[in-house]
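Scroll down for the structure; my scribbles are underneath it.
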Amino acid sequence: MRLLPLASLLRFSRPLAFIFLLGGGLAAMLLLVRTAVAFDNPALQLTLDTTTPNMFSAMHDMQAGWSDGYNYRPARTTRQPQLAAIATFEVVADPQATLLRYYEPSTGRRLALLYLGASSDYQSLAWVVFFGVGSWLLWQLLLDVTPTTPFTFANAQRLRGLGLLVLGLDFAQEMAYLAVRALVPPFRAAGLAEPLSHYVRLSTENTLPGWEVGLILLIIAAVYQRGVELSREAELVI
């Protein structure tokens with residue numbers, strides 16, 4: 001099966017990258033709108049996943065599985081426990097996910113949780129950074145590629161930048177969970193060993209690529225740069 005020529009791929013991919021770039025600007029504007037709403041609305045709605053804490057989830061699941069097997073208990077199901085609401089907050093069973101609702105009088109805390117991505121919406125500062133910066137790097141990369149010069153040192157740097165961006169945002173998400181635990185009041189619910197703040201899920205957890213993607217991009221960038229060096233060396237020999 002013959003692949004499309006590079007010129008045809010560029011004609012298709014450049015408009016697509018430009019659309020992503022516009023999408024990054026739209027995401028930034030939506031975040032500004034949500035910021036304005038958060039100033040006047042003290043009601044918060046956070047997504048919960050009470051099956052496992054939001055930090056070191058894999059380690060927690062392994063420990064729970066080992067404990068169940070050691071004590072001859074049946075395997076735990078992934079069904080979320082029924083949580084009882086108290087006066088200062090309520091836990092609502094939404095068709096998509098369990099929600100924690102409460103009123104936060106501090107504007108600073110509301111904005112911090114919004115930017116961290118703890119809101120049940122998809123807006124977050126990390127998403128805007130990824131969409132905006134990532135689309136810009138991709139757009140510049142595609143503009144720099146031509147059928148006669150497909151490999152450049154500048155594009156190797158841009159690929160490396162994409163990889164570092166993904167790795168940085170993945171690390172920032174782990175730090176964001178620490179901030180969420182400090183910002184959300186330590187509400188307690190029956191059937192859970194830890195406060196509800198330990199079960200709040202960020203919207204970026206399922207919308208941003210993981211560290212594996214960042215590592216792959218760094219490897220591709222290194223191979224790409226080596227290809228550029230070999231190409232330059234061949235031109236000098238000729």
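The values are calculated or read from the model by the stated rules, or taken from the named source; none is laboratory data. Predicted model, so just to flag it, every value in this text is computed and none were measured. Note that each Cβ is placed from the backbone with ideal geometry, even for glycine, and that neighbours are counted across all protein chains shown.
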Worksheet entry | Single residue of Leu141, Leu192, Leu217 found to be part of a helix (DSSP H, G or I), at pLDDT below 90 and not small (Gly, Ala, Ser) | Leu141
Discussion item. Scan the range 25-42 and tell me whether some residue there is farther than 14 Å from Tyr199 by Cα, modelled with pLDDT of 70 or more, surrounded by fewer than 16 Cβ atoms within 10 Å (Cβ to Cβ) and in contact with a strand residue (DSSP E or B) (Cβ under 6 Å, 6 or more places away or on another chain).
Written reply: yes
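Return yes or no: is Phe130 part of a helix (DSSP H, G or I) and either surrounded by 21 or more Cβ atoms within 10 Å (Cβ to Cβ) or among the aliphatic types (A, V, I, L, M) (or both)? Walk me through how you get there before you give the answer.
Values: part of a helix (DSSP H, G or I): yes; either surrounded by 21 or more Cβ atoms within 10 Å (Cβ to Cβ) or among the aliphatic types (A, V, I, L, M) (or both): yes.
In short, yes.
Counting only residues that are polar (S, T, N, Q), farther than 15 Å from Ser13 by Cβ and in a loop (DSSP other than H, G, I, E, B), how many does the range 144-169 have?
Let us first name the residues in the range 144-169 that are polar (S, T, N, Q), namely 146, 148-149, 152, 155, 157.
With farther than 15 Å from Ser13 by Cβ added as a condition, the list becomes 148-149, 152, 157.
Filter once more, so that each one left must be in a loop (DSSP other than H, G, I, E, B): 148-149, 152.
So the count comes out to 3.
Can you tell me which residues in the range 96-127 are assigned to a loop (DSSP other than H, G, I, E, B), more than 30 Å from Arg14 (Cα to Cα) and polar (S, T, N, Q)?
Quick first cut of the range 96-127, residues assigned to a loop (DSSP other than H, G, I, E, B) only: 96-97, 104-106, 117-118, 120-124.
Next, only the ones that are more than 30 Å from Arg14 (Cα to Cα) stay: 96-97, 104-106, 118, 120.
Result: Gln96, Ser106, Ser120.
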Practice prompt. For the range 99-119, indicate whether the set of residues that are surrounded by fewer than 16 Cβ atoms within 10 Å (Cβ to Cβ), among the basic types (Lys, Arg) and modelled with pLDDT of 90 or more is non-empty.
Written response: yes
Response to the item:
Pairs returned, first residue in the range 188-213 that is in contact (Cβ under 8 Å) with a residue 40 or more places away in the chain and at positive phi, second residue that is in a loop (DSSP other than H, G, I, E, B) and not basic (Lys, Arg), beta-carbon separation under 7 angstrom, 6 or more apart or interchain, are Gly191/Pro81; Gly191/Leu83
Worksheet item: How many residues, within the range 91-140, are farther than 17 Å from Ala182 by Cα, within 16 Å of the chain's Cα centre (by Cα) and among the hydroxyl-bearing types (Ser, Thr, Tyr)?
Response: 4
Discussion item. For the range 173-194, give me each residue that is under 15 Å from the mean Cα position of the chain (by Cα) and surrounded by fewer than 17 Cβ atoms within 10 Å (Cβ to Cβ).
Written reply: Glu174, Met175
